[in-house]
Each structure stands twice: as C-alpha cells, then as structure tokens.
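Trainee: Submitted below is the structure of interest, expressed as structure tokens.
No lab work stands behind these numbers, since they all come straight from the coordinates. Everything numeric in this text was worked out from a predicted model, so none of it was measured. As a convention, Cβ positions derive from the backbone with ideal geometry for all residues, glycine included, and neighbour counts pool all protein chains shown.
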Ligand SMILES: [Zn+2]
Ligand SMILES: [Zn+2]
C-alpha cells in the first residue's frame, strides 16, 4: 500500500484531522500543520483509525485534556517519512502505540513497560492549527488524521496485507482486552467469566475469554441491542445490567458468582456491580478508564470476607512491542477474527457522528479509513 503523496517525504505537511477546540465543543475536521519528522521520529500515513471511548472521554470532560486537541490513538498506517537516525523503511506497515516504553525507568527494567514512568509525562503541543494555535495530540498520537509525526518507538511494524480496520484495533481495544484476559487475570480453561460493558474493549475481552477456554462467559450490558453481537462473539449468555443481575449471574454459576469479572466501562457503579458478580476468592479486573472523582465504595467487612482481588489492567498489562506482532500474526493466520468488533468503516468527515453513536452506546467500534 503506498502512502498518499501529501503525507510522504520529510518536510512539514498540512493534513486533515479531527479536532476538538474545547471540552464539549463540536468536533470538526480541520487542516492542521505537522512538523517534519525530527531525529528519531517518523511520519505515518494513517490508513485506519478507531473511535475509542477514551477519545470520547477527552471530549466530554471525563478525562482531563488540553485544547485544541487532535483526537484518535488507535490506528494503523504506513511509514511515509523518517527523520535522522531512524531504521524503519518508508512503506513499512505499522500499528501505533500510545504508551511507548522508555526501556530505562524502574518499571521498564523490571518488565512492566505498561507502567513506564516516561509515558505519563504531560504532553507538549505538537504541530499547529491552520490559524497558528499549537496543537495537542490525544495520548501523544492524534491519530484521527491523514498522518501523524511520532517517535519511532511509538510505532510497531506489522505484516503487510492485514485488513486495515481490524489491524487498527490491535493498538488499543484488542491489546487491552486480550491482555486483560491473558496477562492480568490469566483466565484458564473451565473458569467462569463475566464481562461488564460491551464496547470494543469488552468484546475483545469476550473473544479472548472464549479462546482461553472459559466455560461460562456472561456478557453484560445496559443495551439489549448488544445481545446478538455478544452471543456471536462467544458469550454463553447475555444479561441486562439491571437490578436482577447478581441473581441471574448466581443462577448460572452454582450460586457462587463468577471466577473473573471484567469491568470495561470505567465507572464506580459498574466496578461495584462487577465486584458483586464475583465469587468469594474471585478476581475483578478493571479495564475501563474512569474519572478522577468517581469514588468506589466497598464495605471493609465485605473486602475481608469476600477475599476478592480488585485490580486494574493498564494497556492489558502488555508489552506492545512484543505482543502486537503476536496478535498481528494471529490476525494474519485467521486464529484471531476481529470482524465482529468493527461495526462499520467511515470517512473522517463521518467521525463526529460516530462519536455521537459511541456516546449512545451503539455498536462496537467505528473505524475511520483513509486512502
Ligand atoms: Zn483506546
Ligand atoms: Zn520506562
């Protein structure tokens, strides 16, 4: 696949990008100026980028953000230009990594690159709007755009020829969801699993739980419309998130509750719901990224007596440089099928409407494709 002419080479370029000018402001496709790739940097011509819930959280104020902000952090593309000292060849297909590890900090050295101290640094503006205002980039990427300029360590080479819309998801929803099952919770054959929240990440968790050999997989969502999708993705049952949820889960787990509950929403209420669905001694894995002031309250006696584990899975507790190529190989040989996760492909101009659908909880993942 060749890169569009406007995004090749090493000079600064002007590209179209999805920009939020403020919290709650209307999203617009604008022309933005990207710098030339500097030392150790690459320009990537984006071929597909997902609309992820974290992008929505930046826009609606759930997560703190600086503006104007280019949205997008889950994408695939082709290296279109390189700065000095970069080994990657122009034309290499890549997936973007929103938490590139420094490989030098205390966490990286102990083998936990998903907790890298360097990736939590505040983002500095990069590029500018057409009217000269410095731009901020979602998670350092700003991938809902025709191109990005990023450090070489924020790109991961993948095989050529993968379906772009599915490959884009490897960099966020899939790495996060699959990693939560394989690395964080370590689900083993025969276990029971509940997945709360069936967006892109929740469906990736479901798919991974099925492949891990979980026997009972209960898919939970507030929207009845997710039922068919959940069952197609491998759930053994779909349950509505209502007052009877705990009872329904116990009816399917010999009155105990599930071995593992995955919270894929990022809200105190759903974390508490996931906690209540889990058996004594079971584990709750929080995959959703919630708001700073949304407090979870649990009884001290309950914490002791239930003997449950509550922990989070940041970026699937994964090393993207090692695990994205594995997932890409699984996608290439057909053992990983992400077709169900893609609700539809859309143009960049249709992306604002996809944010509205995401806010209403419709579909799994809408993916912007560019050519
Ligand atoms: Zn994401
Ligand atoms: Zn590090």
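Trainee: Tell me, what is the percent relative contact order of the range 9-139, built from C-alpha pairs under 8 Å that lie six or more residues apart?
Mentor: Worked out over the range 9-139, it gives 25 percent.
Trainee: Jot down the per residue volume, in cubic angstrom and as a whole number, of the convex hull over the alpha-carbon atoms of the chain.
Mentor: Given the Cα convex hull of the chain, per-residue volume reads 128 Å³.
Trainee: Suppose the chain between residue 362 and residue 153 were pulled fully straight at 0.36 nm per residue; how much longer would it get relative to their current alpha carbon spacing?
Mentor: Numbers: separation 209, 0.36 × 209 = 75.24 nm, distance 3.38 nm.
Answer, rounded to one decimal: 71.9 nm.
Trainee: What is the packing order of peptides 44-52, 218-226, 61-69, taking the mean over residues of other C-beta atoms within 10 Å and listing the highest first?
Mentor: 44-52, 218-226, 61-69
Trainee: Another question, then. Using a 10 angstrom cutoff on alpha carbons, build the Gaussian network for the chain and name the most mobile of 178, 13, 59.
Mentor: The residue with the greatest mean-square fluctuation here is 13.
Trainee: Fewest first, what order do 341, 88, 229 take by the number of other Cβ atoms within 10 Å?
Mentor: 88, 229, 341
Trainee: Pairs of alpha-carbon atoms within less than 8 angstrom and 6+ residues apart define the contacts here; what relative contact order does the chain have, in percent?
Mentor: 18 percent
Trainee: Can you give me the convex hull volume of the Cα atoms of the range 185-312, divided per residue and expressed in Å³?
Mentor: Considering the Cα atoms of the range 185-312, their hull volume per residue is 97 Å³.
Trainee: Roughly what % of DSSP beta bridges within the chain run antiparallel, to the nearest 5?
Mentor: 55 percent
Trainee: In terms of the Cα gyration tensor, with a ≥ b ≥ c the square roots of its eigenvalues, is the range 58-182 rounded because a/c is under 1.5, prolate because a/b exceeds b/c, or oblate?
Mentor: The shape class here is rounded.
Trainee: Let me ask something additional. Taking 7 Å along the Cα-to-C-beta vector as the label spot, tell me the residue 244-residue 333 distance in nanometres, rounded to one decimal.
Mentor: Taking the simple label geometry, residue 244 and residue 333 are separated by 4.4 nm.
Trainee: Turning to a different aspect of this structure: Return 304, 262 ranked ascending by Cβ neighbour count within 10 Å, so the fewest neighbours appear first.
Mentor: Listing 304, 262 from fewest to most nearby Cβ atoms yields 304, 262.
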